[in-house]
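Following: one structure in structure tokens, then a few remarks.
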Amino acid sequence: MLEFLGVTKRFHGAATRALDDVSFSVGKGRICGLLGHNGAGKSTALGILLGLVHPDAGEVRIAGISVQNQRERAVAKLGAIFESPAFYDYLSGWRNLKVLTAYSGGVDEALMRETIEWVGLSARIHDPVGKYSHGMRQRLALAQALLPRPEMLVLDEPTDGLDPEGIVEFRRQLLELREVMNITVLFSSHLLSEVEQVCDEVVILRSGKKVYEGEVSASLLGQTLYRIEAKDQEILDRIVQSFRGEKHGDRYAFPVECNPSELLATFVKEGSGITCFAPEPPSLESLYLHAGREEKGGTA
Amino acid sequence: MSLFLRQLGWELYRLFARRRSWLGFGTFLAVETLFYWFWTRERSKAGMANFIERVAGGFDEYFSALTLGFLIVVFTMILLGVVFVSLIAGDILAKETEDGNLRLLLVRPISRLRLLVIKFLSCQIYTSVLFLFVGTTALGFGLIERGWGGGMLVWAPEIPRVSLFEWNEGLFRYFIAIFAFSLIYLPVTGTAFMLGCFRIKPAAATIITVALFLADRILSAIPLPAFDPYREYFVTPRMASWLLLLYQEIPWPRFFESAFWLVGFGLTGFLVGWIAFERRDVKS
């Protein structure tokens, strides 16, 4: 459904490339998380995908159609939500949707009502957007992205600023969309837990380079994270080293073949004064840390 | 075509739904009121009476609602025209880029050129509506003071001799000239719009446009022989060509020559803006 093919971009006056030969693909009906710290190149990648930013090299294809060569045809298959969506505050939600959808050739009013109902904005759709809460704006953003029916959604930090209930609701809606419409989603975020809960696969960017692409499954990493605390830090460090482990923040990463029972027994036997030993379930964070480590080592 | 008109219609709806757009109308009305007050003072009227008696005879006949309306329009436009037109044209793209509205439009399946054409036409339609509003309200002030009927007297430094019209012809000429005036403002729209297409603050687009046209007006008025070979390139003197439509005998070739020149200037501004905008990265 989506293909990034060797996309490179350097902004005028910038010392480094915002994107450096980035290639990845997302299949139909998949939810893909685009992860990276601020400045990693996520927004640039989305900008290029939406035809807002011109790449220096490479190409993005949506359903086989090049965004760079046939932008209107390619973008017709997309709906997009930006972080802090900017609507016309003096117009009602309904009028905003009318203005925006006019640029997509217009939308049947029945479909508009159905979509508004689905995002849960029916009661306030005729109020000026200036009076909307952040959560309501985000729901309006989702409605505009779904009008007319897109094949793919592009979401740029869509849950930023939402309260916990809003985040849960947004997540539910996203999964329902995939279920009902088989919609493909590219989801940019720096919230690991968020991506982990909704995405089938992730692409991790770091300093404009792709450092990981694949399933959200730590089994691919070859690493398991542990939370370990001991009274004798020196012994702890020595044992970690002997098991080919590494410190990542307040946790330790060990190769998956490392036996936890054996590891714990060693800590006890060596008299480290261990007070906490908790293997953590495979997480996206471990994936992220792994990707960063690989990249630093130049193997990614 | 119907889709284009629908898109233009919604753009106009959006433009006119904005309170800021109506502030322009309110400001013009306030300044018109000021000039109405000035032109209906006894001392101002006495001055006009002297002038009209000298050039046409019959102050009561020629100091009509149309004549008063014309005076109010001219002075109001000199004071506010360039500022407001450049404010709207400079704002329409630069402000939307700054606010982030433009991104939501640009991710729709529409070319940048088409979007710019819609925005540019909206500006021009807004300008024409604003000018016709000023013309109508100025005439309204005239009617309050002088009532319906009488002749129309037109004089301005650009007009070689005074023009005198019967009421009906005067009314026709009055509105045609004001409408042409709004089209002849295309260089202002084009310049501000062009600047708005670059990565620039909306206020900067307006200020630069106003500064350019003010400089043009001042330089063109300096009777320095060194300027003579370049005089035809000044824009603001040509923008007075709407007054040609108020000549007793309209010099159509001169009018069209100036009108085409000005329209060409405005469209060149649009073209340069489009090229810049097409190449530009729109990023948050």
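The values are calculated or read from the model by the stated rules, or taken from the named source; none is laboratory data. As the structure is a computational prediction, the values presented were derived from the model and not from experiment. All Cβ positions, glycine included, derive from the backbone under ideal geometry; neighbour counts span all protein chains shown.
Taking region B:161-226 as the region of interest, the helices (runs of 4 or more DSSP H) fully inside it that hold 2 or more residues being in contact with a strand residue (DSSP E or B) (Cβ under 9 Å, 6 or more places away or on another chain) and surrounded by 24 or more Cβ atoms within 10 Å (Cβ to Cβ) are B:167-184. When region A:41-77 is filtered for residues that are hydrophobic (A, V, I, L, M, F, W, C) and within 7 Å of another protein chain (Cβ to nearest Cβ), the ones remaining, listed by number, are A:L50, A:L52, A:V53, A:V75, A:A76.
Evaluating A:S193 against the criteria (1) surrounded by fewer than 15 Cβ atoms within 10 Å (Cβ to Cβ); (2) under 13 Å from the mean Cα position of the chain (by Cα); (3) closer than 23 Å to A:A76 by Cβ leaves one unmet condition, (3).
Can you say whether A:V119 is more than 19 Å from the chain's Cα centre (by Cα), surrounded by 15 or more Cβ atoms within 10 Å (Cβ to Cβ) and at the interface with chain B (Cβ under 8 Å from one of its Cβ atoms), as far as the supplied structure shows? Against the criterion (more than 19 Å from the chain's Cα centre (by Cα), surrounded by 15 or more Cβ atoms within 10 Å (Cβ to Cβ) and at the interface with chain B (Cβ under 8 Å from one of its Cβ atoms)), A:V119 does not qualify.
Residues are listed down the side, and each one gets a yes or a no for (1) part of a helix (DSSP H, G or I); (2) free of Cβ contacts under 8 Å to residues at least 40 places away in the same chain; (3) of a type in the set (S, T, Y); (4) surrounded by 14 or more Cβ atoms within 10 Å (Cβ to Cβ):
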residue: B:E249; (1), (2), (3), (4): no, yes, no, no
residue: B:F260; (1), (2), (3), (4): yes, yes, no, no
residue: B:F265; (1), (2), (3), (4): yes, no, no, yes
residue: B:T268; (1), (2), (3), (4): yes, no, yes, yes
residue: B:G273; (1), (2), (3), (4): yes, no, no, yes
residue: B:E278; (1), (2), (3), (4): yes, no, no, no
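Just one of the listed residues (A:L78, A:L49, A:L35) is surrounded by 19 or more Cβ atoms within 10 Å (Cβ to Cβ) and at pLDDT below 90, namely A:L35. Residues in region B:99-117 that are more than 8 Å from every other protein chain (Cβ to nearest Cβ) and crowded, with 16+ Cβ neighbours inside 10 Å: B:L102, B:R112, B:L116, B:V117.
Table: residues versus (1) within 24 Å of A:V211 (Cα to Cα); (2) not hydroxyl-bearing (S, T, Y).
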{"residue": "A:E3", "(1), (2)": "yes, yes"}
{"residue": "A:V7", "(1), (2)": "yes, yes"}
{"residue": "A:H12", "(1), (2)": "no, yes"}
{"residue": "A:T16", "(1), (2)": "yes, no"}
{"residue": "A:G29", "(1), (2)": "yes, yes"}
{"residue": "A:A40", "(1), (2)": "yes, yes"}
{"residue": "A:L49", "(1), (2)": "yes, yes"}
{"residue": "A:I65", "(1), (2)": "no, yes"}
{"residue": "A:R73", "(1), (2)": "no, yes"}
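Scanning region A:6-40 for residues that are assigned to a loop (DSSP other than H, G, I, E, B), more than 14 Å from chain B (Cβ to nearest Cβ) and aliphatic (A, V, I, L, M) yields a count of 2.
Screening region A:81-93 for residues that are surrounded by fewer than 19 Cβ atoms within 10 Å (Cβ to Cβ) and at pLDDT 90 or above and picking the one that is farthest from the other protein chains (Cβ to nearest Cβ) gives A:D89. If the condition is being touching a helix residue (DSSP H, G or I) at 6+ places or on another chain (Cβ under 7 Å) and among the β-branched types (V, I, T), then region A:227-242 contributes A:I228, A:I239. What about A:E196, is it among the acidic types (D, E) and touching a residue at least 60 places away in the same chain (Cβ under 8 Å)? Spelling it out, A:E196 is indeed among the acidic types (D, E) and touching a residue at least 60 places away in the same chain (Cβ under 8 Å). When the criteria are applied in full, B:F141 meets the requirement of being buried (at least 20 other Cβ atoms within 10 Å of the Cβ), more than 14 Å from every other protein chain (Cβ to nearest Cβ) and under 25 Å from the mean Cα position of the chain (by Cα). Restricting attention to region A:4-56, which residues are among the acidic types (D, E) and in contact (Cβ under 8 Å) with a residue 60 or more places away in the chain? Passing the criteria: A:D20, A:D21.
For region A:97-116, the tally of residues that are of a type outside the set (K, R) and more than 9 Å from chain B (Cβ to nearest Cβ) stands at 10.
Filtering region A:135-158 for residues that are within 12 Å of another protein chain (Cβ to nearest Cβ), among the polar types (S, T, N, Q) and either touching an Asp or Glu at 6+ places or on another chain (Cβ under 7 Å) or surrounded by 22 or more Cβ atoms within 10 Å (Cβ to Cβ) (or both) leaves a non-empty set.
Being free of Cβ contacts under 8 Å to residues at least 24 places away in the same chain and in a helix (DSSP H, G or I) is the filter here; which residues of region B:52-91 pass it? B:E53, B:R54, B:F59, B:I78 - these are the residues of region B:52-91 that are free of Cβ contacts under 8 Å to residues at least 24 places away in the same chain and in a helix (DSSP H, G or I).
If you go through region B:1-47 and keep only what is closer than 20 Å to B:L121 by Cβ, of a type outside the set (A, V, I, L, M, F, W, C), part of a helix (DSSP H, G or I) and within 11 Å of chain A (Cβ to nearest Cβ), you end up with B:S2, B:R6, B:Q7, B:G9, B:E11, B:Y13, B:R14, B:R20, B:S21. Applying a threshold of 7 Å to beta carbon distances and a minimum spacing of six or more residues, or different chains, the list of pairs starting in region A:176-193 at a residue that is in contact (Cβ under 8 Å) with a residue 60 or more places away in the chain and under 18 Å from A:A40 (Cα atoms) and ending at one that is among the aromatic types (F, W, Y) and surrounded by 21 or more Cβ atoms within 10 Å (Cβ to Cβ) reads A:L192/A:Y288.
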